[in-house]
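Chemist: Can you read through this structure? Questions will come right after.
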Amino acid sequence: AHPPEEPSKMNSMTRLAVIVASIVGVRAIVDEDGVLVVTPANLEHHVAEHYDGGLLVYSTPSAASPFAQTLGGAARALAGDAVTLARLDAGEPREELQFFQKGRRVDCASLLRSAQNDVDGVVAAARRLSADRCATLETTEALEEVLRADARGVRVVGFFEHKARAQRFCAAAEQLRYPVQFFVAAPELRQSDAFFSAAVAADAEEEEHNVIMAKPYFDERVASASFAFAKKKKKTTSEDAEAMLAWVETEMLPVVVPYAPSFQHMIFDGPLKMHVILAIEAQDDVPEAFLKAARRYRGKLLFVLLRKTDNDEHPASAAWTFFGIEKAPTLLVSDMHDRASSEEEPVPPTFYDGDLFGEDAETDLMAFLTPVAAKAIARKAGVEPKMAEVMADPKLQEMIKDPEMASMLQMTGMPKELADIYRRADL
């Protein structure tokens, strides 16, 4: 038998082994097609290495699938770009696509669904994700280009006289995890025709509103608001950031989202996980009660229009089958909070059995959706599913509106923040 090694020597060898293992574990591996391959063990290292430009990571059970072929082609096309597309070798039979940059992670499930044969689309999407979150606009021409009615995506432009306020605006923008483009316009551009035209379109008060949002929806092009981002207090700046992000999350969505490929990211990756879905025939009119409910509960519930189609390959056809829709019109509520969680069993959809066209259609639909909106608010605030059901009770909602009753409820354990959220929601 060999004598035991001296402690100092053994420790040195152990440290060397750890160092070698670390080097092997984090080194960049490129497959035969020129695609960067990462593993669960070294993913964190590569995310840190691509902190600024961003890392778009995909996993697939089969290298021969259309998804894998498309992503591999996009990875090669992005070689040398600021953003890097890598394959995650996790050994698990599932398809995933995630983007990491500057501490944020974006689940790109919608991009995954549309990536089957569109290399150029994946490349463009990766570059949009990686672009500076808050770009600067120096000229009238640049501002006009961003505010163009036919430009793609949601764009938010801040107009600030002071550089410090613009910086706080951009810092807030970095916190948003959804694909919205942010810009800061040079102070003099507030006097431009492009700003005045956008302000008029948004019914803004020119003296007050300093943030303009341009949207690609035919029935709703522009929105505006005012956020000071003054330095008075740290809390004030934080409140401005929270208020702006809440405004962006609400206004970036159309009042009603069509169930179409171009809107998949809003439906599945957006901030609203409680969906009110209306299934109708291809040529039928949308009930006025549904449109009024969509405007009333905007920012709380996502209203989705599911028109019937004869195209079996269209996502709408799959949705009709998935939900078991047998007739039109049909209105249902789908809770995507639970469906997105591995810890909770998916909640079956709730079907509305009321009349969408009758004399009391609006009143009845509002009564049906108010508890749904209350539950959605609780879930978004992090409340557990069972407690969210309790919070959705109409009687409890009426009690919360009374300051004295709200104080008593807080004494029984209800967080003050949640009571405040419900009061602001005005259900």
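Chemist: Pop a pseudo-label 7 angstrom from the Cα along the beta-carbon direction at both Val286 and Thr321 and give the gap in nm to one decimal.
Modeler: 2.7
Chemist: Top to bottom by accessible area (1.4 Å), largest first, where do Asp132, Asp310 land?
Modeler: Solvent-accessible surface, decreasing: Asp310, Asp132.
Chemist: With a 1.4 Å probe and every protein chain left in place, tell me how much accessible area His162 has, in Å² to the nearest 10.
Modeler: 110
Chemist: For Lys273, what accessible surface area do you get with a 1.4 Å probe? Give it in Å², rounded to 10.
Modeler: Ignoring ligands and nucleic acids, Lys273 comes out at about 50 Å².
Chemist: Using Cα-Cα distances under 8 Å and only pairs 6 or more residues apart, what relative contact order does segment 301-408 have, in percent?
Modeler: 14
Chemist: Let me have the relative contact order for segment 140-182, percent, based on Cα pairs under 8 Å that are six or more residues apart.
Modeler: 43
Chemist: Largest first, what is the accessible-area ranking of Tyr259, Tyr58 with a 1.4 Å probe?
Modeler: The ranking, largest first, comes out as Tyr259, Tyr58.
Chemist: Now a separate question. Based only on Cα atoms, what mean projected area does the convex hull of segment 176-224 have, in nm²?
Modeler: Directional mean of the projected Cα hull area for segment 176-224 stands at 4.0 nm².
Chemist: Enumerate the amide H contacts of Asp355 below 5 Å, restricted to partners 5 or more residues apart or on another chain; note that Pro and chain-start residues carry no placed amide H.
Modeler: Under 5 Å from the amide H of Asp355 lies no amide H from a residue far enough along the sequence or on another chain.
Chemist: Still on this structure: Give the ranking of Arg296, Arg155, Arg104 by solvent-accessible surface, highest area first, calculated with a 1.4 Å probe.
Modeler: Reading off the accessible areas and sorting them downward yields Arg296, Arg104, Arg155.
Chemist: Also: How much of Tyr217 can a 1.4 Å solvent probe reach, expressed as accessible area in Å² and rounded to 10?
Modeler: Estimated to the nearest 10 Å², Tyr217 gives 10 Å².
The values are calculated or read from the model by the stated rules, or taken from the named source; none is laboratory data. These figures come from a predicted structure and were not determined experimentally. Note that we place each Cβ from the backbone using ideal geometry, even for glycine, and neighbour counts take in every protein chain shown. Just the protein is used for accessible areas: all its heavy atoms, side chains included, with ligands, DNA and RNA removed. Shrake-Rupley method; radii C 1.70, N 1.55, O 1.52, S 1.80 Å.
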